[in-house]
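*Asks:* Okay, here's the structure, questions in a sec.
The values are calculated or read from the model by the stated rules, or taken from the named source; none is laboratory data. Here the structure is a predicted model, which means the values were calculated and not measured. As a convention, Cβ positions derive from the backbone with ideal geometry for all residues, glycine included, and neighbour counts pool all protein chains shown.
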Amino acid sequence: MMNEDRLIYRGKKIDLALRSIRLSDGSVSEREVVLHRGAVALLPMLDDDRVCLLKNFRHTVGKVLLEVPAGTIDPGEGPDSTAARELQEETGYVAGSIERVADWYVSPGVMNERMYLYVCRDLRPGPTAHQADESLEPIVVSWEEALAMVRDGRIEDGKTIIALLLGSSYRAKTRA
């Protein structure tokens, strides 16, 4: 495995590279690789039975999706700092407790992005700080309704599906 990258595009949140790799037969091939700093996903728990989601207009798919709050890790910032910052910016909440509960690769066939999931508790409301290109509307739903939305397809966002399913396991463990 060679893993030599040739950067072909540098963007604000992603870079695109051609990566040279050695195949099992010894030949060399190139793969397109999206390079990403990583991101956080948040489960803002208002109490044991309610979670804050966002209605988020996504230009890439041309519609509003229901999502957990999330955001890209800024240069020089760690996931823990990003979690607290993104929670406040997107929902207005400040958490008394933020606990990392899982992490995963988002789409390892084409990108190196790693997402970190945090459960946020003991929330205090405050003002949001949405970025100019964001169209976000926080909504509070019960856990049962959030899971029903996963089952019936109203929630289509992968990170949100993962976060809610892992959140259900987390809730069961912390309630036992």
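*Asks:* Does Glu156 count as surrounded by 15 or more Cβ atoms within 10 Å (Cβ to Cβ), of a type in the set (D, E, K, R) and either in contact with a strand residue (DSSP E or B) (Cβ under 8 Å, 6 or more places away or on another chain) or more than 13 Å from Leu87 (Cβ to Cβ) (or both)?
*Replies:* Numbers: surrounded by 15 or more Cβ atoms within 10 Å (Cβ to Cβ): yes; of a type in the set (D, E, K, R): yes; either in contact with a strand residue (DSSP E or B) (Cβ under 8 Å, 6 or more places away or on another chain) or more than 13 Å from Leu87 (Cβ to Cβ) (or both): yes.
Yes; evaluated as a whole, the condition is true for this residue.
*Asks:* Determine whether Tyr105 is farther than 22 Å from Ser135 by Cα and aromatic (Phe, Trp, Tyr).
*Replies:* yes
*Asks:* OK, next. Name every residue in region 46-63 that is in contact (Cβ under 8 Å) with a residue 12 or more places away in the chain, surrounded by fewer than 22 Cβ atoms within 10 Å (Cβ to Cβ) and assigned to a strand (DSSP E or B), in order of residue number.
*Replies:* Scanning region 46-63 gives Leu46, Arg50, Lys55, Asn56, Phe57.
*Asks:* Being modelled with pLDDT of 95 or more, crowded, with 17+ Cβ neighbours inside 10 Å, closer than 18 Å to Lys13 by Cβ and among the aliphatic types (A, V, I, L, M) narrows it down to one of Met115, Met111, Met149, so name that one.
*Replies:* Met115
*Asks:* Here are Ala70, Ala84, Ala39: which of them is more than 23 Å from Glu156 (Cα to Cα), of a type in the set (A, V, I, L, M) and surrounded by 15 or more Cβ atoms within 10 Å (Cβ to Cβ)? Before the answer, list the steps.
*Replies:* On the way: Ala70 fails: more than 23 Å from Glu156 (Cα to Cα); Ala39 fails: more than 23 Å from Glu156 (Cα to Cα).
Exactly one of Ala70, Ala84, Ala39 is more than 23 Å from Glu156 (Cα to Cα), of a type in the set (A, V, I, L, M) and surrounded by 15 or more Cβ atoms within 10 Å (Cβ to Cβ), namely Ala84.
*Asks:* Scan region 64-83 and report the pairs whose first residue is among the acidic types (Asp, Glu) and whose second residue is surrounded by 14 or more Cβ atoms within 10 Å (Cβ to Cβ) and not in a helix (DSSP H, G or I), with Cβ atoms within less than 7 Å and a gap of 6+ or a chain change.
*Replies:* From region 64-83, the pairs are Glu67/Leu53; Glu67/Leu54; Glu67/Asn56; Glu67/Asp157.
*Asks:* Considering only region 128-138, how many residues are hydrophobic (A, V, I, L, M, F, W, C) and either surrounded by 12 or more Cβ atoms within 10 Å (Cβ to Cβ) or touching a helix residue (DSSP H, G or I) at 6+ places or on another chain (Cβ under 8 Å) (or both)?
*Replies:* Residues meeting the conditions: 2.
*Asks:* Name the residues in region 159-176 that are exposed (fewer than 14 other Cβ atoms within 10 Å of the Cβ) and within 15 Å of Leu53 (Cα to Cα), would you?
*Replies:* Of everything in region 159-176, just one residue is exposed (fewer than 14 other Cβ atoms within 10 Å of the Cβ) and within 15 Å of Leu53 (Cα to Cα), namely Leu165.
*Asks:* Looking only at region 26-44, how many residues end up being assigned to a strand (DSSP E or B) and farther than 15 Å from Gly11 by Cβ?
*Replies:* 9
*Asks:* Quick one: in region 28-50, which of the residues that are small (Gly, Ala, Ser) and at pLDDT 95 or above is nearest to Glu144 (Cα to Cα)? Write out each step before concluding.
*Replies:* Taking region 28-50 first, the residues small (Gly, Ala, Ser) are 29, 38-39, 41.
Checking the rest, the ones that are also at pLDDT 95 or above come to 38-39, 41.
Values: Gly38: 29, Ala39: 26, Ala41: 20 Å.
Top of the filtered list is Ala41.
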